[in-house]
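The numbers here are math on the coordinates, done by the rules we state, and not lab data. Because the structure is a prediction, the values reported are computed rather than measured. With ideal geometry, Cβ positions are generated from the backbone for all residues, glycine too; neighbour counts draw on all protein chains shown.
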Amino acid sequence: MSLLDLASKRHSPRAFDGSALTWEDLANGFEAARLSSSSYNNQPWRFVVALRGEEGFDALLNTAVDANHTWMKDAGAIVGVMSSTMLEKTGETDHAALLGVGMAVGAMELAFTEAGLASMQAGGFDRAAFRALLDLPNHLLPVSLLAVGRLPEGHVPGAKTRKSLSDIAFRVGDDIR
């Protein structure tokens, strides 16, 4: 399947079938993230994984706001996404860290799609509770939760709504608003 086919097939469901996933189910997604590009090759992404039925799943789930908790509870795994804000080589601030993390998560989601899994990011979660749960050092920034799982039997994805290319790609000198 081509990259564009995978991107077209990927969608963000708010329903999972409640079945458990294994580390092996997720491994190619993490490998795709690992191979992503990043500024200064800093590789700022960090992931914590909570598999359904294992220690930590409910604790990580409970950092989600109520509206996200409602659908995340049936995921097979929840991935906590973090960004290192520090350049490892210099100790300076990595101003492009979130770009690298976004690219890594995007690659991960496409790999999950290729494997027949679905995933949905959630920015609505209690970052302070997440930080406390994992005892994060200051240079690690909580970014999102990523629910991963299998779709329920008969699930039909809704239509994707996306901006047109003319709304997102411009030439120098164009009016960008």
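Annotation: amide H-H contacts under 5 Å for A64 (H modelled 1.01 Å from N, sequence separation of 5 or more, or interchain): D126. Put in line by how crowded their Cβ is, counting other Cβ atoms within 10 Å and starting with the fewest, E24, E109 read E24, E109.
I want to make sure I understand the PRE zone here: with the label point 7 angstrom from the Cα of I176 toward its beta carbon, which residues in segment 82-114 have backbone N atoms less than 15 Å away? Nothing falls inside the zone, counting backbone N under 15 Å. About its Cα centre, the dipole of the chain is roughly 460 debye, where the only charges are +1 on Lys and Arg Cβ and -1 on Asp and Glu Cβ.
Any chance you could check the Cα centroid distance between segment 109-177 and segment 1-53 for me, in angstrom? What the calculation gives is 10 Å, centre to centre.
The alpha carbon convex hull volume per residue for the chain rounds to 152 Å³.
Fewest-first ordering of W23, W71, W45 by other beta carbons within 10 Å of each residue's beta carbon gives W23, W71, W45.
Whole-Hz Karplus values for segment 62-72 come out as 6, 7, 6, 5, 3, 4, 7, 4, 3, 9, 5 Hz, taken residue by residue from phi with 6.51 cos²θ - 1.76 cosθ + 1.60 and θ = phi - 60°; glycine and proline positions read x. With neighbour counts taken as other beta-carbon atoms within 10 Å, the residues R177, R52 rank, fewest first, as R177, R52.
Computing FRET efficiency as 1/(1 + (r/R0)^6) for E24 and W71, where r is the C-beta to C-beta distance and R0 is 22 Å, gives about 0.35.
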